[in-house]
Each structure stands twice: as C-alpha cells, then as structure tokens.
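Since every read-out is calculated from the coordinates, none of them should be taken as a lab result. The structure presented is a predicted model; accordingly, all values stated were derived computationally and were not measured. Note that each Cβ is placed from the backbone with ideal geometry, even for glycine, and that neighbours are counted across all protein chains shown.
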Amino acid sequence: MRTDPQTNRIIRLAWEDRTTFEEIEERTGLTEGEVIRVMRRELKPSSFRMWRKRVSGRITKHRKRFEKEVRNRRRWDEE
C-alpha cells in the first residue's frame with residue numbers, strides 16, 4: 001500500500017517528539033483526533049500501539065502541557 005505525500009507528512013510529524021499536535025493542526029488542518037485516526041489507519045497495529053504509548057507519555061506533544069512543565073521547572077530552579 002502506498003500513501004500520498006500529505007499522509008506521509010502527517011505520519012512524520014506525528015512521530016517527531018518536538019512537534020506538538022497544535023503545530024500539526026496549524027500545518028495540516030488536522031486535529032489531534034484526526035491525526036490519531038490517520039495513524040491508526042496507516043500504521044500496522046503494533047506500530048500504532050507503540051506510537052500511542054510513546055505519544056501518551058510525552059508532554060512535548062501537547063503545547064499547553066509542555067509550557068506548564070517548563071514554567072514549573074523554572075519556579076523549581078528559582079527556589
């Protein structure tokens with residue numbers, strides 16, 4: 001099965017740790033849920049499960065969670 005260049009781009013962005021779902025939405029117009037559906041459809045089941053496990057543990061995939069973590073670390077360092 002061959003995927004189109006846009007789908008390949010979405011998959012590449014979704015696998016990158018530092019590319020948030022918000023950035024993916026800005027670049028492609030797809031929400032987090034839509035990206036998850038693309039990944040589920042295009043990846044092998046085991047690859048999808050591995051990706052979901054990886055993404056679920058990354059605060060860097062969610063801009064607000066990442067920014068909150070950075071603020072908390074700065075406060076901790078200042079104390």
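Can you list the trypsin sites (Lys or Arg not before Pro) in the chain that are in a DSSP coil and have 10 or fewer other beta carbons within 10 angstrom?
Arg2, Arg18
Suppose R0 equals 30 Å; then what is the FRET efficiency for Lys68 and Trp15 from their Cβ-Cβ distance, rounded to the nearest 0.05?
That pair, Lys68 with Trp15, gives E of 0.80.
Between (i) 14.6, 55; (ii) 20.5, 53; (iii) 12.4, 41, which matches Rg and Dmax of the Cα atoms in Å calculated for the structure shown?
Working out Rg and Dmax of the Cα atoms in Å from the coordinates points to (i).
Which distance in nm do the two modelled labels at Arg41 and Asn8 give, with both placed 7 Å along the Cα-to-Cβ direction?
According to this spin-label approximation, the distance is 1.8 nm.
Spelling out what I want: for every residue of the range 31-44, take phi, set θ = phi - 60°, compute 6.51 cos²θ - 1.76 cosθ + 1.60 (Karplus), and round to whole Hz; glycine and proline get x.
6, 4, x, 5, 5, 4, 5, 4, 5, 4, 6, 8, 8, 5
Which of the lysines could a cross-linker bridge to Lys44, judged by Cα under 26 Å and excluding same-chain residues fewer than eight apart?
Within the straight-line limit of under 26 Å, Lys44 reaches these lysines: Lys53, Lys61.
Using a Förster distance of 30 Å, how high is the FRET efficiency between Ser56 and Glu78, based on the Cβ-Cβ distance and rounded to 0.05?
0.50
On a 0 to 90 degree scale, rounded to 10, what angle separates helix 45-56 from the longest Cα axis of the chain?
Approximately 20 degrees, to the nearest 10.
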